[in-house]
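Written below as structure tokens is the structure these notes are about.
The values are calculated or read from the model by the stated rules, or taken from the named source; none is laboratory data. Note that the structure is predicted; figures quoted are calculated from it, not measured. Cβ placement follows ideal geometry from the backbone for every residue including glycine, while neighbour counts extend to all protein chains displayed. Each accessible area value is taken on the protein alone, full model and side chains, heavy atoms only, with ligands, DNA and RNA left out. Shrake-Rupley method; radii C 1.70, N 1.55, O 1.52, S 1.80 Å.
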Number of protein chains: 2
Amino acid sequence: MALMHFHALTRASENYPIGLMEEFTSSTLGEIPTLADVAAAAGVSTATVSRCLNTPDRVTKKTLNIVMETVDRLGYSPNYSARALAAGRTNTIGAIIPTMENAIFARGIQAFQEELQENGCTLLVASSSYRQDLEEEQIKTLTVRGADALLLIGYQRDPKIYEYLEKRKIPAVLTWASDPAEKHLSVGFNNRRAMRSLAELVLKNGHTKIGCITADTIANDRARDRVHGIRDAMEAAGLDPSDLIVQETQYSINKGDVAFRSLMSREDRPTAVMCGNDVLAVGAVRAASALNMSIPDDVSITGFDDIELASVANVPLTTVHVPHRRMGQFAAQALMSAINGKTPQSVELPTTICRRNTLGPAPKASKRNRS
Amino acid sequence: MALMHFHALTRASENYPIGLMEEFTSSTLGEIPTLADVAAAAGVSTATVSRCLNTPDRVTKKTLNIVMETVDRLGYSPNYSARALAAGRTNTIGAIIPTMENAIFARGIQAFQEELQENGCTLLVASSSYRQDLEEEQIKTLTVRGADALLLIGYQRDPKIYEYLEKRKIPAVLTWASDPAEKHLSVGFNNRRAMRSLAELVLKNGHTKIGCITADTIANDRARDRVHGIRDAMEAAGLDPSDLIVQETQYSINKGDVAFRSLMSREDRPTAVMCGNDVLAVGAVRAASALNMSIPDDVSITGFDDIELASVANVPLTTVHVPHRRMGQFAAQALMSAINGKTPQSVELPTTICRRNTLGPAPKASKRNRS
DNA sequence: ATGAAAAATGTAAGCGCTTACATTTTTACT
DNA sequence: AGTAAAAATGTAAGCGCTTACATTTTTCAT
């Protein structure tokens, strides 16, 4: 409950055009007009007005004009609660993300929202603070509030939840991960493979002592997969995967800083530190600077996500680029088609490696810079 | 439309206790139960069930127990659309903030949301990208969607909007600013006075050539007030307020960086740069480092807001601390009481100066570091 | 022209809930 | 015990909209 950011987002615009300022001015009369008022004023039935608003192609051009003109004149706008009650759908989609404290999910969710907007839907965002129990609570809240569909992060959750959603016929798309073995609808990327690629690059630079700063690998399947990816690469390169030095913490700049220092204070300090995401990596970079270590001469650092922070950091981050925007967009499309009774396919998006300035060859001498 | 982040937030929890996992499991039967189902199962009328849920004190303890037990057993949860339609209120509050791209509003809005939550309300957040036209559109969308009340940032907007809200009887609280001269309900702080205090401190450090990086002062009244505050201090100190070098830009780290460089490339480069907010200041600090200027020896920099970024920056920022959390909380309380028919009073919160490491005495010699 | 099919429109039954008002039960005095 | 007032409960009328179905109008091939 505690740290949760909250939020529900929405963006402006209506399905049918209404002059905005007119809307603010017109209809100086007392009450807020209803659909019935419009019908009366236009001399048609409520059914026709409703059709003009929702399925304009099922109505004569002439009727449409009259009705829309009346709508404008009266400054009518539909009551969403009534519409939702009668139609049995709210045109609201819920998204539950682990955190809003940093920008990890911002870009993807924004794209998701934009695409939803295109389809006349509103997004409601809730945050789970990386806690499964809170996520469950949020799922309940959102569905009870009438969400027509849900966006969730990752695969890992109580199977009961999937049953619950299925029973309520609420489609859900799982994002930020992709596992062909899982049958549930998902739009994401392969965390393990992505991190493996980056790790291979690190290895190719001659690093053999590798450290890793990651989020909790028990509850967070994306984090776990990324660590797996590093181990995969090590194994493939003939190294012992269990030599990977893993430091678990939470996603924040400060935590990354602390974890990095802890890694550097070890006897067998790694020459490359692969971070579970960019936020952690930025913290690591800051710590390195504070320790007077030069990047990448003394130590290499990598990130994951390629959020804005990555390029804006002291030293631009070498990281994995995730196509967040496309992911959000595709997720929205998948959900929309699911709502409309179709059966969308899962999609796995490719990631790329973004070479910037924090990865270099492993240092030759073990030049120490105890500060 | 373009850059808008989206978002609507919500946090879990119901007014009445329902075992969560039970909820996910129970009621394996076909349909989703309605209030009428509960009434039938409990052997009471729908009115009584409704009262158990909404006004438990108007019901016998015994009845309450029976009903709640039935609610639990059936896994009933109310249909919000129906409730909203029947009750004429949605328990949804809208907030329209200029941006979600950075953390400027995050803390305050989060506190706002938390307080709302306490009162059983859900928050819907929309963003206006600092554009008045988009803000108007959002206000319309949110009210049409049924928001019971609105949180808005600053005072400056078309008076028609206030009329529109008044007509619809939708209370609105203006935040992030405070002007006793304005009669509209507000919960905020005095931007002008706050910045003036900080400027006085800068002046006291011997700076006479002062630069300022700010957001657009035409559309953004908070930004304008802050610049005014600097001028006030200069004037009071016997300096010519028009000597203030003002650089207008948008709020982003990069923009702050660029603006700072521009300021430093002038003949009459300022010895102190006061930034309109912390984001800009962090950019300025980064630019200064890049230019090999030492802070605060070569140049002083100040921020505004005291967001997390401020203390996490390369050099911890001297800035104005704004009690964001209390502001959000008070704003929520004000709105809740307005919804309940009361007439809450505006409140102005005090700000404090947060002395950290970016403000120092004006340099003696004009030591130049052209890079 | 004529009639069957297609298109447009109208009628009216809810969607699931709240709440004013009516009725019944309980409480608290005398 | 008896009664008026208070408390609890029930009855039923909507809230504003969508939509199945019925009806009317238009279209179009013959």
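Looking at segment A:56-85, which of the residues that are in a loop (DSSP other than H, G, I, E, B) and either near DNA strand C (Cβ under 9 Å from one of its atoms) or touching a Lys or Arg at 6+ places or on another chain (Cβ under 6 Å) (or both) is least open to solvent (accessible area, probe 1.4 Å)? It comes out as A:V59. Annotation note: Cβ proximity below 8 Å between a residue of segment B:149-170 that is in contact (Cβ under 8 Å) with a residue 60 or more places away in the chain and closer than 17 Å to B:I97 by Cβ and a residue that is of a type in the set (G, A, S) and in a loop (DSSP other than H, G, I, E, B) (sequence gap 6+ or interchain) occurs for B:I153/B:A177; B:G154/B:A177; B:Y155/B:A177; B:Q156/B:A219. With respect to B:L203, determine if the residue is assigned to a loop (DSSP other than H, G, I, E, B), more than 27 Å from B:D158 (Cα to Cα) and touching a helix residue (DSSP H, G or I) at 6+ places or on another chain (Cβ under 8 Å). No: the conditions fail for B:L203. Counting only residues that are part of a loop (DSSP other than H, G, I, E, B), under 18 Å from A:G188 (Cβ atoms) and free of Cβ contacts under 8 Å to residues at least 60 places away in the same chain, segment A:348-364 holds 0 of them. Selection of first residues in segment B:63-74 that are within 14 Å of chain A (Cβ to nearest Cβ) and of second residues that are within 14 Å of DNA strand C (Cβ to nearest atom) and part of a helix (DSSP H, G or I), restricted to Cβ pairs under 7 Å at least 6 apart or on distinct chains, gives the following pairs, ordered by first then second residue: B:V71/B:V38; B:L74/B:D37; B:L74/B:V38; B:L74/B:A41.
The rows are residues; the columns are (1) in a helix (DSSP H, G or I); (2) at negative phi; (3) touching a residue at least 40 places away in the same chain (Cβ under 8 Å).
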| site | (1), (2), (3) |
| --- | --- |
| A:T208 | no, yes, yes |
| A:G229 | yes, yes, no |
| A:V246 | no, yes, no |
| A:P270 | no, yes, yes |
| A:V273 | no, yes, yes |
| A:R286 | yes, yes, no |
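Is it the case that A:K140 is basic (K, R), in the same structural domain as A:S346 (by TED's automatic domain parsing) and surrounded by fewer than 19 Cβ atoms within 10 Å (Cβ to Cβ)? Criteria not met by A:K140.
When B:L116, B:L124 are screened for being at pLDDT below 95, closer than 26 Å to B:A331 by Cα, within 14 Å of chain A (Cβ to nearest Cβ) and not in a strand (DSSP E or B), only B:L116 passes. Cβ separations smaller than 7 Å between residues 6+ apart or across chains give no pair from segment A:80-97 residues that are of a type in the set (K, R) to residues that are near DNA strand D (Cβ under 7 Å from one of its atoms) and not in a helix (DSSP H, G or I). Being over 17 Å from the mean Cα position of the chain (by Cα), at pLDDT 90 or above and part of a helix (DSSP H, G or I) is true of B:K160.
Residue-wise test of (1) open to solvent by less than 40 Å² (accessible area, probe 1.4 Å); (2) within 30 Å of B:M100 (Cβ to Cβ); (3) over 29 Å from the mean Cα position of the chain (by Cα); (4) assigned by TED's automatic domain parsing to the domain that holds B:P180.
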residue: B:D221; (1), (2), (3), (4): yes, yes, no, no
residue: B:R231; (1), (2), (3), (4): no, no, no, no
residue: B:A236; (1), (2), (3), (4): no, no, yes, no
residue: B:L239; (1), (2), (3), (4): no, no, yes, no
residue: B:V246; (1), (2), (3), (4): no, yes, no, no
residue: B:T249; (1), (2), (3), (4): yes, yes, no, no
residue: B:D268; (1), (2), (3), (4): no, no, yes, no
residue: B:N292; (1), (2), (3), (4): no, no, yes, no
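The single residue among A:A42, A:A82 that is within 14 Å of DNA strand D (Cβ to nearest atom), among the hydrophobic types (A, V, I, L, M, F, W, C) and within 32 Å of the chain's Cα centre (by Cα) turns out to be A:A82. Checking each residue in segment B:34-52 for being over 10 Å from B:T63 (Cβ atoms) and near DNA strand C (Cβ under 8 Å from one of its atoms) picks out B:T34, B:L35, B:A36, B:D37, B:V38, B:S45, B:T46, B:A47, B:S50.
Of the listed requirements (1) more than 7 Å from every other protein chain (Cβ to nearest Cβ); (2) over 23 Å from B:F189 (Cβ atoms); (3) open to solvent by less than 10 Å² (accessible area, probe 1.4 Å); (4) not basic (K, R), B:L134 misses just one: (1).
For segment A:86-108, the criterion of being open to solvent by less than 50 Å² (accessible area, probe 1.4 Å), within 16 Å of DNA strand D (Cβ to nearest atom) and either touching a helix residue (DSSP H, G or I) at 6+ places or on another chain (Cβ under 7 Å) or within 8 Å of chain B (Cβ to nearest Cβ) (or both) is met by at least one residue. Can B:S346 be described as touching a Ser or Thr at 6+ places or on another chain (Cβ under 9 Å), closer than 24 Å to B:C121 by Cβ and open to solvent by less than 30 Å² (accessible area, probe 1.4 Å)? For B:S346, the condition - touching a Ser or Thr at 6+ places or on another chain (Cβ under 9 Å), closer than 24 Å to B:C121 by Cβ and open to solvent by less than 30 Å² (accessible area, probe 1.4 Å) - is not met. With respect to the conditions (1) farther than 28 Å from A:A111 by Cα; (2) out of contact with any Leu (no Cβ under 9 Å at 6 or more places or on another chain), A:C52 falls short on a single one, namely (2). Any chance you could count how many residues in segment B:251-268 are away from every other protein chain (no Cβ under 14 Å), touching a strand residue (DSSP E or B) at 6+ places or on another chain (Cβ under 9 Å) and not in a helix (DSSP H, G or I)? Going through segment B:251-268 one residue at a time, the tally reaches 2. Tell me, please, whether a residue that is assigned to a loop (DSSP other than H, G, I, E, B), surrounded by 22 or more Cβ atoms within 10 Å (Cβ to Cβ) and more than 14 Å from chain B (Cβ to nearest Cβ) can be found in segment A:180-195. No, segment A:180-195 contains no residue that is assigned to a loop (DSSP other than H, G, I, E, B), surrounded by 22 or more Cβ atoms within 10 Å (Cβ to Cβ) and more than 14 Å from chain B (Cβ to nearest Cβ).
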